[in-house]
1. Say each of residue 182 and residue 98 gets a label point 7 Å from the Cα, pointing the same way as Cα to Cβ; how far apart are those two points in nm?
2. Using only Cα atoms, tell me the angle between helix 2-25 and the longest principal axis of the chain; keep it within 0 to 90° and round to the nearest 10.
3. State the extension gain, in nm to one decimal, for the chain segment bounded by residue 405 and residue 344, taking 0.36 nm per residue of separation less the distance between their alpha-carbons.
4. With each run of n ≥ 4 DSSP H residues scored as -39500 (n - 2.57), what mean residue ellipticity at 222 nm is computed for the chain after dividing by its residue count and rounding to the nearest 500 deg cm²/dmol?
5. Ranked by Cβ crowding within 10 angstrom, fewest neighbours first, how are 265, 242 ordered?
6. Between residue 141 and residue 354, what is the label-point separation in nm under the 7 Å Cα-to-beta-carbon projection?
7. How high is the FRET efficiency between residue 163 and residue 331 when r is their beta carbon distance and R₀ equals 51 Å, given to the nearest 0.05?
8. For 113, 372, what ranking results if the residue with the fewest other Cβ atoms within 10 Å of its Cβ goes first?
């Protein structure tokens, strides 16, 4: 009897695994997209509802389960105030959402994963203290009272889901690349030299990122060996006043096994107000990247994805990654140099061609899209950042973030689009 029962259990488990394999390998039904994520209310501040959203700052596919994805929030709902930000939910923990497209083609939540310190305590999105990734921003509560800092705080912007079940998350403070286990507990924090966290380091020059314009994108090469991150905008190297090449930003690679880094130049089509956001891998050298401005798509905003290749580009890491201003040419930093000067020095940026214009292709109406995942076969998943459904009213207080085309509150949405 025991043998029969055991056999039945084994058979049932085997059949279940086979069914899972069938589900995981079948074509996913994306016909019901675009579709909003499920949302609840996070808080009400000054009579304005703050949604429990923000998912879409970055995105990644599950490494083995087709049709499953991870999206991540940033540091939480905030508004501009004095020399920093009002944090409307100061105890908010940057969070990963794990979801799938189910058999009916609907978005189905699997679970939330809150990011945690090495000891397992939830982190916040509050700024890091001086010497640990500070951007110089002061944190305030919704009433304007000064808040503290968080050694482990993160302004998370992008996510990588590794085959071993762990996550890599990049941010805009340090900028840091942080390794988390499957439950969101910090394993390692990799930061620029001079930012006092962890033994493995990023090039010191990256600490000169602009506040709120740090490592906006992160992906992993298909072989699982190299992380590839994008800096959102021109860094202030050597200073804000002298960084005159406002179309120049950088791509950084990090060899996971050795810790070796490389840097490449990226030429934006726009200017200093534009953003290079998320990145997703096609191969070990070819990637898709976001370029966008801050305008709504329905009001003439730029929302484009470019196919880039780093194979023929110059590594501008330089011989000394401890140099706070990085590589120089003609005694000037790269951000001080014109593209003609850079070309004359024999340096080549990454190549790029347009893959898709989301406004032209989809009539994309959001102001932001900050998460992309390459699905193969020239299909791309796109995710917008809804800013928790709020905007700054100009006085540091929240107001509802209303889409001008529909008159509805902006909410995180998943799209799938064909690319060139």
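1. Going from the residue 182 label point to the residue 98 one covers 0.7 nm.
2. So the inclination is approximately 40 degrees.
3. Extra length from residue 405 to residue 344 when fully extended: 17.3 nm.
4. -2500 deg cm²/dmol
5. Fewest to most other Cβ atoms nearby, the residues stand as 242, 265.
6. 5.0 nm
7. So the FRET efficiency works out to roughly 0.70.
8. Ordered from fewest to most neighbouring Cβ atoms within 10 Å, 113, 372 come out as 113, 372.
A short reminder: the numbers here are calculations on the coordinates, not readings from a lab. Predicted model only: the values in this text are computed from it and were never measured. Cβ coordinates were reconstructed from backbone atoms using ideal geometry, including for glycine residues, and neighbour counts include every protein chain displayed.
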